[in-house]
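The values are calculated or read from the model by the stated rules, or taken from the named source; none is laboratory data. Predicted model only: the values in this text are computed from it and were never measured. Neighbour counts are summed over all protein chains in view; Cβ atoms, including those assigned to glycine, are modelled from backbone coordinates with ideal geometry. Ligands, DNA and RNA are stripped out before the accessible areas are found, and what is left, the full protein with its side chains, is counted by its heavy atoms. Shrake-Rupley method; radii C 1.70, N 1.55, O 1.52, S 1.80 Å.
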Amino acid sequence: MAQVRKHNANRKVVLSLSATTLVMLGLGFASKPLYDTFCRVTGYGGTTRVAEQMSEVVTEREIKVRFDANVASNLGWTFKPDEVAMTVKLGQNALAYYTATNDTKYPIVGTASYNVSPIKAAPYFSKLECFCFTEQRLEPGETVTMPVLFFVDPEMENDKRLDEIKTITLSYTFHRVENPTDGAVRAEQRQAQIDKLEAIDLDVPEKDETQINQQGRG
Amino acid sequence: MSDAYGDHKPKFFTRWLFSTNHKDIGTLYLVFSILGGLIGGYLSFMMRMELMEPGMQYFASPHKFSMFASMHGLLMIFFMVMPAVIGGFGNWFVPLMIGAPDMAFPRMNNLSFWLLPVALICLIASMFVPGGPSGNGFAGGWVMYPPLSTSGHPGPAFDFVIIGLLAAGFSSIFGAINFITTIFNMRAPGMTMHKMPLLAWGVLVTSWLLLLSLPVLAASLIMLFTDRNAGTGFFDPAMGGDPVMFQHLFWFFGHPEVYIMVLPAFGIISHIVSTFSRKPIFGYLGMAYAMVAIGVVGFVVWAHHMFTVGMDVDLKAYFMAATMIIAVPTGIKIFSWLATMWGGSIRMTIPMMWAQAFIFMFVIGGVTGVHMASAGLDTSIHDTYYIVSHFHYVLALGAVFAMFAGFTYWFGKMSGYLYNKWLAAVHFWLFFIGVNLIFFPQHFLGLQGMPRRYVDYPAEFAFWNKVSSIGAMVTLVGVIFFLLWILEAFLVKRKAGDNYWGEEANTLEWTLSSPPPFHQFSVLPKIK
């Protein structure tokens, strides 16, 4: 009788311990989607926001946005920002350009990863349109210009932790895509996209025209 | 105490290969641990010889040096400390101390042990197959960060490491399940949780940490494996992955891992300090729950290993504060040991010398740990020899000294023979002087900014490196004396009594013969 009771007691402990092991193993794998969601929601690790609508409020506070470009060692592209930095007001919609050249003799599809530093500014950095959202295909020797439409969220004004921030750096790294999808952006689509973006009136209603057009590309 | 049935032992091969007896498996673990320690020690000795002078003397390439460093770390952690404190002393003494006839699942116990040699063979094999672009073996450190462990090591060496570590990990998970079940269900009548000896408490908390942290390591190793071999991109930014996520997963395992290694050591030290102070341990319940607290808090401090990855200031502040809080339960343990000795009638036997040295060095390692918990300071000394010195003070000197303390304390109980005190004392003093010579100067090197993991260094670091390498030679002689006193004890065969330390050694193993009968407690002891 005692033997049977002990047997059952052991079985109960072992089952719950094995379940614990499996749950932790599962959490280990689930950490990938959990971590992605966590980064997107909190801006952790410099993950920027994707905005649906253009900003409609502009404040007086100015911030310098620096642009940084990197390429993975196996890519064979030259990749640079057209301007190293621009000064924008909080809430001002701004358009910046990067230029990439395929230095090799064959077409390459690349995709850009991105982040913002200082990290705590990332939740306030919103991108409306960006070449990093899609894969980019460059023909041999082709040089292309790629746009980023962004604004710095005026909500930043209300965050005391960001009071000392005067500069935000937006950084991209282009990686090679080994198995590209058909959706990679090619020359003609890219031009159409630029035309579309340049047609947008970046002007935010009322105040301050002096700031608005100075960062426009041309 | 022994009866006819109790001493019926199977023949040699059946006894050692198919063993289901907790004491025999404990012995296998201890022998395995000594073997793992000798191989791991050889790797570190070669590193110290290389670093004795600036320039490259013994190693053909920096890759090989890094490979030695990586394998030294993995071997010492998974194949020396863990087998000894958990598999060795845990298997031997947890059932004896709680009055159980054996472990709850003797066959699973056998599986736990025999997975380890398989794992060790995988790791050793990895050193001889192509790894990185510049040589054989895996040279990415014991932390195995991608992309160095994925695209940086295209050869199969790291796949061997992954398979070996998965085997070692599952060995420990099975062991943990076994220990928790044994401690929950097989305590002798009257042995309540709050009367349980502290080694059993240490092994219980450690088993929980193993159970919760090792599956996360297993998951991240499998993700590394598929990133390398199956085209996934968990940690590859080009495919939307994040290498920093690996660091989070790794240290979610890696930080509890350091407590896994040291909690059973805390238990061993408590028994020895109490026995040779002729006093019961001061603040027993505080000691037990301090270990529980260390285990719990140990799970929420992991990112202090990653202060330099580019982390939000608020997050750093949290991890810094949480890390420093661990000093409180650890302090409770240190002060309770001191309070146990205070006013006690102290006998400086060999195990007591090891235990005192443990406390001394664990405090040094603990203090430098609090330094580095400070995120600002850590930014400057991250990945320098300061951290190398810190974790060797708490592990190489802390945990290893506790292992020698336990080994010299229970050697007579396990083998039935007494050792030569003079040889054992020489072993202690050479080892104590040697390891302090190795690691204390590394504090200075770290503060001067010497980075870890490099095969060569500028001439201004030469002096303290030389001192450190001389320390390695002294330690080597100490290790020879360790092997000598074991050999001498088995050759001379001085019989050990049932309780050769006197009545202050009052846990249940001392009520049995030395060595204990093959099967003990066929009538369960009653605890008042």
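3J(HN,Hα) couplings calculated from phi for the range B:467-472 with the Karplus curve 6.51 cos²θ - 1.76 cosθ + 1.60 (θ = phi - 60°) are, in sequence order, 4, 4, 5, 4, x, 5 Hz; Gly and Pro show x. Working ranking of peptides B:394-405, B:474-485, B:23-34 by packing, defined as the average number of other Cβ atoms within 10 Å per residue, highest first, is B:394-405, B:23-34, B:474-485.
Calculated FRET efficiency, B:Lys9 to B:Tyr289, Cβ-Cβ distance, R0 = 35 Å: about 0.30 to the nearest 0.05.
Using a Förster radius of 60 Å, what is the FRET efficiency between B:Val492 and A:Leu22 based on their Cβ-Cβ separation? Nearest 0.05, please. It comes to 0.70. When the residues B:Tyr58, B:Tyr393, B:Tyr289 are ordered by accessible surface, computed with a 1.4 Å probe over the protein chains alone, the sequence from largest down reads B:Tyr58, B:Tyr289, B:Tyr393.
Here the spin labels are modelled as points 7 Å beyond Cα on the Cα-Cβ line, and at B:Ser134 and B:Tyr454 they lie 1.3 nm apart. The fraction of accessible area contributed by carbon and sulfur in the protein assembly as shown is 66 percent, rounded to a whole number (1.4 Å probe; ligands and nucleic acids excluded).
Chains A and B together bury roughly 2500 Å² of accessible area, counting both sides, with a 1.4 Å probe on protein heavy atoms only. Pairs of C-alpha atoms in chain B farther apart than 31 Å represent 45 percent of all such pairs. Distance between the pseudo-spin-label points of A:Asp195 and B:Leu338 (7 Å out from Cα toward the beta carbon): 8.0 nm.
When N counts the residues of the protein assembly as shown, how does its alpha-carbon radius of gyration compare numerically with 2.2 N^0.38 Å, as a ratio?
Rg over 2.2 N^0.38 Å, computed on Cα atoms: 1.11.
Over all other residues within a Cβ to Cβ distance under 15 Å of A:Thr78, the charged ones net out to -2, with Lys and Arg as +1 and Asp and Glu as -1. A 1.4 Å probe run over the protein assembly as shown, with the rest of the protein chains in place, finds 41 Å² accessible per residue.
When the helices in chain B are scored as -39500 (n - 2.57) per DSSP H run of 4 or longer and the sum is shared across all residues, what 222 nm value do you end up with, to the nearest 500 deg cm²/dmol? Calculated from helices alone, the mean residue ellipticity at 222 nm is -21500 deg cm²/dmol.
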